[in-house]
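Just so you know, all these numbers are worked out from the coordinates, no wet-lab data involved. Remember, predicted model here, so these are calculated numbers, not experimental data. With ideal geometry, Cβ positions are generated from the backbone for all residues, glycine too; neighbour counts draw on all protein chains shown.
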Amino acid sequence: MAPSTDVTLPQHHKAVFPDLCIVCHGEPNGHARLVINTSRGWLGYFVPILWFFQWKRVDVPVCSSCKFSFYAQRWGRNVLMVALACIAIGFWWNDFRGLSRGERKLVLLGVGLAFLAPWIAIEVFWPRHFHLTASKHEVAYEFASPAYASAFAVANGLRGLPDHA
């Protein structure tokens, strides 16, 4: 499968979704609420209190039969990523006791990254049905379905998908 198809809109633009379920493209009878923080940036890493501000809520149309799979895909992949990294680091924690503290940190970082490779491959080659990425001035709406992304772009006043998407 191809990587996700992205549509970028200004951060303060209220996104309009087509009247289709984001998972099965059928008629939606509900919505899934996603919340993202738009105050990302290098300052957010050094001043964690900034994470309490600038949240954006997005309601995505989804039918009731697809809602569980939508949330399971969204949160399940993140839980899997953390679990893989923790298992890898925990499994080899004692094997590197002979190394200095700095060397052990680097080796365990490499082990954790090696165990995250399958998760990265899944994220690239089997993208989530829908994902958001926020920056300071814009929000990228990432769709697994190019047809849904095109309908989303048209619903938001764009003529179609950008050439680079």
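Counting each DSSP H run of 4 or more residues in the chain as -39500 (n - 2.57), what helix-only mean residue ellipticity at 222 nm follows after dividing by all residues, to the nearest 500 deg cm²/dmol? Display every interim value, and only then the final one.
Numbers: 4 runs with 69 residues, N = 165.
Result for the chain, helices only: -14000 deg cm²/dmol.
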| field | Candidates 145, 69, 100: whichever shows maximal mean-square fluctuation once the chain is modelled as a Gaussian network with Cα springs under 10 Å | value | 100
| When we measure straight from the Cα of residue 67, which lysines land under 23 angstrom away, once same-chain ones fewer than 8 places off are left out? | 14, 56
| note | Measuring from its Cα centre, the chain shows a charge dipole (+1 at each Lys and Arg Cβ, -1 at each Asp and Glu Cβ) which, in debye to the nearest 20, is 540
| Two-decimal Rg/Rh across the range 50-97, once Rg and the Kirkwood Rh are taken from alpha-carbon atoms | 1.23
| query | Once the chain is represented by equal point scatterers at the alpha-carbon sites, with solvent omitted, what log10 I(q)/I(0) does the Debye formula produce at q = 0.14, 0.15, 0.18 Å⁻¹? | reply | -0.86, -0.95, -1.19
